[in-house]
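To start, the structure under review is shown below, and the notes come after it.
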Amino acid sequence: MNTILRVCHLNKSFGKQEVLTNLNFEIQRGDIVGLIGKNGCGKTTLMKMILGLTPRTKGKIQFKGDSEYNTKRNSLNKIGFLLDCKLFEDFSAYDNLKLFSMYSSSFDKSGLDKRINKLLKFVGLDSSKKLVKSYSFGMKQRLGLALALLDDPEFLILDEPFVGLDPIGVKNLLEILKQWSKVNKTSMIISSHQLAELEDLCTRYLFIESGIIDDKISTEQNSIIIELNEIFRDEDN
């Protein structure tokens with residue numbers, strides 16, 4: 001089975017306000033999908049529905065062909081996410097990863113120390129002994145990504161991972177994602193306004209406008225030219 005995520009006739013309403021209307025798309029294994037849309041268009045809401053954090057109004061979401069995946073711990077452990085990331089500010093990066101590992105059942109705890117150290121090295125935090133409360137925003141984002149990768153996920157959901165980062169921070173995070181994708185073939189969906197950087201990273205794009213999805217597949221150059229009438233900021237998370 002090449003399809004890792006399937007969304008069918010998905011609707012979401014808050015009271016009488018319909019936010020997402022009849023969404024239909026699939027994400028294949030190894031796809032890196034950019035999720036693009038204006039303020040309040042529902043990008044974060046869609047991600048929360050995939051994670052089971054927000055109920056669907058109508059429609060169906062399947063992960064690896066299973067519509068009940070969000071009720072199964074082993075299935076959810078295969079989905080990593082960076083969305084409203086909450087960290088233990090008075091602990092180190094290592095201790096944060098160790099604490100979050102208590103909720104996982106997908107890898108051998110006997111190799112936990114080795115895995116944590118490997119992840120911290122991968123995201124560039126291996127030499128940091130500081131408490132998280134003294135971290136820069138970029139360091140916190142990299143720690144959040146390490147938490148998302150802790151269970152060696154098959155699918156990654158990243159909500160605005162570049163927001164608040166300076167150009168060097170954006171470049172570092174992009175390189176981490178590219179390297180992880182190249183080695184692990186992990187499927188990803190990423191919402192971001194950093195369109196130029198997404199061009200080099202994503203294989204497909206989902207554009208949300210007026211609650212409707214427009215699915216764009218990249219061509220030979222593995223990129224797509226995006227024209228916008230205005231610059232916008234997303235405040236829907």
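The values are calculated or read from the model by the stated rules, or taken from the named source; none is laboratory data. Here the structure is a predicted model, which is why all the values come from computation and not from measurement. So basically every Cβ, Gly included, is an ideal-geometry build from the backbone, and we count neighbours across all protein chains shown. Areas reflect the complete protein model, heavy atoms only, side chains present, ligands, DNA and RNA absent. Shrake-Rupley method; radii C 1.70, N 1.55, O 1.52, S 1.80 Å.
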Give the residue that is nearest to ALA93 (Cα to Cα), with candidates limited to residues of the range 112-135 that are over 22 Å from the mean Cα position of the chain (by Cα) and hydrophobic (A, V, I, L, M, F, W, C).
LEU131
When residues of the range 71-90 are limited to those that are over 16 Å from the mean Cα position of the chain (by Cα) and open to solvent by 40 Å² or more (accessible area, probe 1.4 Å), the one farthest from LYS16 (Cα to Cα)
ASP90
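For the range 54-66: of the residues being on the phi < 0 side of the Ramachandran plot and touching a residue at least 12 places away in the same chain (Cβ under 8 Å), which is surrounded by the fewest Cβ atoms within 10 Å (Cβ to Cβ)? Write out each step before concluding.
From the range 54-66, those on the phi < 0 side of the Ramachandran plot are 54-58, 60-63, 66; that's our starting set.
The next check asks that each one be touching a residue at least 12 places away in the same chain (Cβ under 8 Å); those that pass are 54, 56-58, 60-63.
Values: THR54: 15, ARG56: 17, THR57: 15, LYS58: 13, LYS60: 11, ILE61: 20, GLN62: 16, PHE63: 23.
Checking each candidate, the answer is LYS60.
Name the residue that is nearest to VAL7 (Cα to Cα), counting only residues in the range 67-94 that are among the basic types (Lys, Arg) and without any contact (Cβ under 8 Å) to a residue 24 or more places away in the chain.
LYS72
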Just for the range 123-156: of the residues that are without any contact (Cβ under 8 Å) to a residue 60 or more places away in the chain and of a type in the set (Gly, Ala, Ser), which one is nearest to ARG29 (Cα to Cα)?
ALA146
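This table checks each residue for (1) small (Gly, Ala, Ser); (2) surrounded by fewer than 20 Cβ atoms within 10 Å (Cβ to Cβ).
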position	(1), (2)
SER128	yes, yes
VAL132	no, yes
TYR135	no, yes
GLY138	yes, yes
ALA146	yes, no
LEU150	no, no
ILE157	no, no
GLY164	yes, yes
LEU173	no, no
Within the range 10-49, the residues that are in a loop (DSSP other than H, G, I, E, B) and over 22 Å from LEU174 (Cβ atoms) are GLY15, LYS16, LYS38, ASN39, GLY40, CYS41, GLY42
